[in-house]
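Structure first, commentary second.
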Amino acid sequence: MFYCTSHDIMDPVDLFEMQQRVQAPLLDWFTSRMGAKPARATGFSVASHPESLRQAVANEASALDPWNLVALHSMAAATKSAIAALCVYHGAA
């Protein structure tokens with residue numbers, strides 16, 4: 001059995017604050033582009049997004065040609081975030 005310790009692990013409050021600093025501009029751009037704010041969830045809960053947001057995202061995806069849709073999908077899979085992928089795709093991140 002191995003025992004490892006690290007003294008440079010961030011405490012949860014610092015991690016939360018860092019996530020907020022990084023995510024806020026992405027969420028602001030996404031909300032502005034889509035015209036609706038995504039619901040937020042914590043832990044393993046599932047958020048229910050407004051219908052207007054689901055429709056806006058569907059319209060965004062359906063406007064892409066197959067190559068760009070695959071690129072967007074790859075970015076979303078890599079980042080685990082459709083919001084981050086759309087921001088990168090549109091040059092907002």
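The values are calculated or read from the model by the stated rules, or taken from the named source; none is laboratory data. Computed from a predicted structure; not experimentally measured. Every residue, glycine among them, receives a Cβ derived from its backbone with ideal geometry; neighbour counts consider all protein chains shown. Just the protein is used for accessible areas: all its heavy atoms, side chains included, with ligands, DNA and RNA removed. Shrake-Rupley method; radii C 1.70, N 1.55, O 1.52, S 1.80 Å.
Could you check segment 84-93 and list, in sequence order, the residues that are surrounded by 14 or more Cβ atoms within 10 Å (Cβ to Cβ) and either assigned to a loop (DSSP other than H, G, I, E, B) or free of Cβ contacts under 8 Å to residues at least 40 places away in the same chain (or both)? ALA85, VAL88, TYR89, ALA92, ALA93, listed by residue number.
Of all the criteria given as (1) within 21 Å of ALA24 (Cα to Cα); (2) modelled with pLDDT of 95 or more; (3) open to solvent by 70 Å² or more (accessible area, probe 1.4 Å), the one not satisfied by GLN55 is (1). Would you tally the residues in segment 58-87 being of a type in the set (S, T, N, Q) and under 17 Å from ASP28 (Cβ atoms)? The qualifying residues number 1.
For segment 24-47: of the residues being closer than 17 Å to ALA92 by Cβ and in a loop (DSSP other than H, G, I, E, B), which is nearest to the chain's Cα centre (by Cα)? Quick ask: steps written out before the conclusion?
The initial filter retains those residues of segment 24-47 that are closer than 17 Å to ALA92 by Cβ, namely 24-38.
Now drop any that are not in a loop (DSSP other than H, G, I, E, B), which leaves 35-38.
Numbers: GLY35: 16, ALA36: 14, LYS37: 12, PRO38: 10 Å.
Of everything passing the filter in segment 24-47, PRO38 is nearest to the chain's Cα centre (by Cα).
Looking only at residues in segment 60-83 that are in a helix (DSSP H, G or I) and under 17 Å from LYS37 (Cβ atoms), which one is most open to solvent (accessible area, probe 1.4 Å)? By that ranking, first place goes to ALA82.
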